[in-house]
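The values are calculated or read from the model by the stated rules, or taken from the named source; none is laboratory data. Predicted model only: the values in this text are computed from it and were never measured. A quick note on method: Cβ atoms are made from the backbone with ideal geometry, for glycine too, and the neighbour counts reach across all protein chains shown. These area figures cover heavy atoms from the full protein model, side chains too; ligands, DNA and RNA do not enter into them. Shrake-Rupley method; radii C 1.70, N 1.55, O 1.52, S 1.80 Å.
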Amino acid sequence: MKIGIIGTGYIGKTLALKLAKAGHEVTVANSRSPENMDKEVLATGAVAVTAQQAAQDKDVIILSTPLDQITKVAPLFAEVQQSVTVIDTSNYIPARDSRIERLEAGQVESLWVQEQLGRPIAKAWNAVLAYSLAANGRPAGEPGRIAIPIAADREIDREITKRLVEDTGFDAFYTGCLENSWRQQPGAPAYCTDLTIEELSKVIDTAEKERLPKRRDFSVQIITERMNGISNKNADWDFILRLNRTLYM
């Protein structure tokens, strides 16, 4: 498939590498210019382009920017056909993002993103640790393969997202429609806990929506104190995984 990726943070970079390696035609855009693209992002065949080009003539567009940047990139989707599958990977972290009152009031993150873009979206790769996405993929059927939750309203979006998640080395676990995608938001048992599909199926319905923000913010406070900043590149991923399992499950 022709895939455009907008954003080259931990998740966007890894998706560019994995999906190009899987044989897809991948173009990728950062927040600056194609000339300033980290060459490592292009190591498996992805091509650096502008954000406008990444959104043009694609089968799939993956939006992998911080959530508070969604409104800035939304104009890129004005001319995107409704038939195109758009997959959002973002999460709302108030300590990092600008405060968004509707999310503070409890609106589901995916529904807010969909409103900003003015079109259907799917949600995936928001609930996997960056290290796990990069290093812990396994072939289909191998014991212990991690499952990644996905959500979508349209069947075509669900099927395409499922296929691409599996192409990155993980089982895709459909959590339902976007209205219920809060079950894969930060603070939920499905969020960044590296569970198998069997384990995930047992905990997905144990999420308690009203408790997610407090758990999310507590986790961020602990990580910030330990790492001296939540974007620290030397993050102790094993510690974060153990913390998430302790607080969220």
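Show the residue pairs meeting these rules: Cβ distance below 7 Å; 6+ apart or different chains; first residue within region 8-26 and on the phi > 0 side of the Ramachandran plot and touching a residue at least 24 places away in the same chain (Cβ under 8 Å); second residue open to solvent by less than 10 Å² (accessible area, probe 1.4 Å) and of a type in the set (G, A, S).
Listed by first residue and then by second, the contacts come to nothing, as the list is empty.
Within region 168-186, does at least one residue satisfy the condition of being without any contact (Cβ under 8 Å) to a residue 12 or more places away in the chain and either among the charged types (D, E, K, R) or closer than 26 Å to G137 by Cβ (or both)?
The answer is no; no qualifying residue exists.
Only one of these conditions is not met by P75: (1) of a type outside the set (D, E, K, R); (2) in contact (Cβ under 8 Å) with a residue 12 or more places away in the chain; (3) out of contact with any helix residue (DSSP H, G or I) (no Cβ under 6 Å at 6 or more places or on another chain); (4) farther than 23 Å from L212 by Cα. Which number is it?
Among (1) of a type outside the set (D, E, K, R); (2) in contact (Cβ under 8 Å) with a residue 12 or more places away in the chain; (3) out of contact with any helix residue (DSSP H, G or I) (no Cβ under 6 Å at 6 or more places or on another chain); (4) farther than 23 Å from L212 by Cα, P75 violates only (2).
Starting from region 98-118, keep only residues that are closer than 22 Å to P149 by Cβ and in contact (Cβ under 8 Å) with a residue 40 or more places away in the chain, then list their pairs with residues that are among the charged types (D, E, K, R) and not in a helix (DSSP H, G or I) whose Cβ atoms are within a distance under 7 Å, requiring at least 6 positions of separation or different chains.
S110/D88; S110/K123; V113/D88
Among what's in region 150-183 and is of a type in the set (S, T, N, Q) and out of contact with any helix residue (DSSP H, G or I) (no Cβ under 7 Å at 6 or more places or on another chain), pick the residue that is surrounded by the fewest Cβ atoms within 10 Å (Cβ to Cβ).
That would be N180.
So which residues in region 1-37 are under 16 Å from T65 (Cα atoms), within 20 Å of the chain's Cα centre (by Cα) and either surrounded by fewer than 17 Cβ atoms within 10 Å (Cβ to Cβ) or of a type outside the set (A, V, I, L, M) (or both)?
G4, G7, T8, G9, Y10, G12, K13, T14, T27, N30, S31
Among all residue pairs at least 6 apart or on different chains, which show Cβ distances below 6 Å where the first residue, located in region 43-69, is at positive phi and the second is open to solvent by 60 Å² or more (accessible area, probe 1.4 Å)?
Between residues of region 43-69 that are at positive phi and residues that are open to solvent by 60 Å² or more (accessible area, probe 1.4 Å), there is no close pair.
Can you tell me which residues in region 171-206 are charged (D, E, K, R), over 20 Å from A152 (Cβ atoms) and outside any loop (DSSP other than H, G, I, E, B)?
Listed by number, the residues that qualify are E198, E199, K202.
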